[in-house]
Amino acid sequence: MATPDFIRAIRASAGHQLLWLPGVSAVVFDDDGRILLGQRSDNHKWALISGIPDPGEQPAACAVREVYEETAVHVEVERIVMVRAGDEVNFPNGDVCQFMDITLRCRAVGGEARVNDDESLQVGWFDVDALPKLNDYALVRIKQALVDAPTWFEPMTSA
């Protein structure tokens, strides 16, 4: 994931310390029910398309922008699938981040899937029953996007 300029500016004074950041993930379906995935250039793993909203950018607008920037596919956002705080992420350069991820179900409305920037090695459409190896969190988000259910969030624990 390319680091946005505003985060580079924060890092200049904050160093490598933990940054709490918004994140948006898109579970994109085509008319055949296939899911759009990208093979990340940083770790070579297949993943949902995701990104960091620019300051003031709405989550849906971020999803539309990120999907197009990374895959050349135009999407419409249908609904919020889940909201979840992720685990800390330690990057090879020493930076530490934690993301509040908003996962959105999206529908492809145009474009042809292709690598459209340097964040992906490959992009492609996959049948739900023939997905490449994905991490557990991606699988949970896909599962939630497949069901017609209210937005998922971590229940509060009793105090």
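The values are calculated or read from the model by the stated rules, or taken from the named source; none is laboratory data. Keep in mind that what you see is a predicted model, and the values were worked out from it rather than measured. With ideal geometry, Cβ positions are generated from the backbone for all residues, glycine too; neighbour counts draw on all protein chains shown. Surface areas here come from the heavy atoms of the whole protein model, side chains and all, with no ligands, DNA or RNA. Shrake-Rupley method; radii C 1.70, N 1.55, O 1.52, S 1.80 Å.
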Open item on the list: Per residue of the range 120-125, what does 6.51 cos²θ - 1.76 cosθ + 1.60 with θ = phi - 60° give for ³J(HN,Hα)? Whole Hz please, x for Gly and Pro, Karplus curve as stated.
Closed with: 10, 8, 8, 9, x, 9
Open item on the list: Which one, Cys97, Trp125, Val140, projects farthest toward the positive side of the charge dipole computed for the range 63-159 from Cβ point charges (K/R +1, D/E -1)?
Closed with: Val140
Task: Förster radius 22 Å - calculated FRET efficiency between Ala149 and Asp32, Cβ distance, rounded to 0.05 - done: 0.50
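Where the eigenvalues come from the Cα gyration tensor of the range 1-77, what are the semi-axes √(5λ) of the equivalent ellipsoid, largest first, in whole Å? Please list the in-between numbers first.
Details: eigenvalues 135, 43, 17 Å².
For the range 1-77, the ellipsoid semi-axes come out as 26, 15, 9 Å.
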Task: Residue-by-residue Karplus 3J(HN,Hα) for the range 85-96, coefficients 6.51, -1.76, 1.60, Hz, glycine and proline x - done: 7, x, 7, 4, 10, 9, 8, x, 7, x, 5, 10
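Out of all DSSP beta bridges in the chain, what portion is antiparallel? Express it as a percent rounded to 5.
65 percent
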Open item on the list: Counting only protein heavy atoms and a 1.4 Å probe, tell me what percentage of the chain's accessible area is made up of carbon and sulfur.
Closed with: 53 percent
Open item on the list: Just to verify a number: FRET efficiency for Asn135 and Arg65, C-beta to C-beta distance, R0 = 35 Å, to 0.05?
Closed with: 0.90
Task: the chain, accessible area per residue, ligands and nucleic acids excluded (1.4 Å, Å²) - done: 57 Å²
Open item on the list: Under the rule of at least 5 residues apart or a separate chain, name every residue whose amide H is placed under 5 Å from the amide H of Val81.
Closed with: Thr103, Leu104, Arg105
- [ ] Would you pull out the residues with amide H under 5 Å of Val123's amide H, same chain only if 5 or more places away, H placed 1.01 Å from N?
- [x] Gln39, Val115
Open item on the list: Apply the Karplus curve 6.51 cos²θ - 1.76 cosθ + 1.60, θ = phi - 60°, to the phi angles in the range 108-116 and return the couplings in whole Hz, x for Gly and Pro.
Closed with: 5, 10, x, x, 10, 4, 7, 5, 10
TODO: Give the residue from Gly51, Val73, Ala149 lying farthest towards the positive end of the charge dipole for the chain; charges sit on Cβ (+1 for Lys and Arg, -1 for Asp and Glu) and the dipole is referred to the Cα centre.
DONE: Ala149
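Per the helix-only calculation at 222 nm, which mean residue ellipticity applies to the chain, given -39500 (n - 2.57) for every DSSP H run of n ≥ 4 and division by its residues, nearest 500 deg cm²/dmol?
On the way: 3 runs with 34 residues, N = 159.
Here the helix-only value at 222 nm equals -6500 deg cm²/dmol.
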- [ ] Would you mind computing, in nm to one decimal, how far apart the modelled labels at Asn43 and Ala2 are, each placed 7 Å from Cα along Cα→Cβ?
- [x] 2.1 nm
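What percent does the relative contact order of the chain come to when contacts are Cα pairs within less than 8 Å and at least six residues apart?
On the way: 315 pairs, mean separation 47.2, N = 159.
30 percent.
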TODO: Using Cα centres only, tell me the gap between the range 39-86 and the range 108-159 in whole Å.
DONE: 10 Å
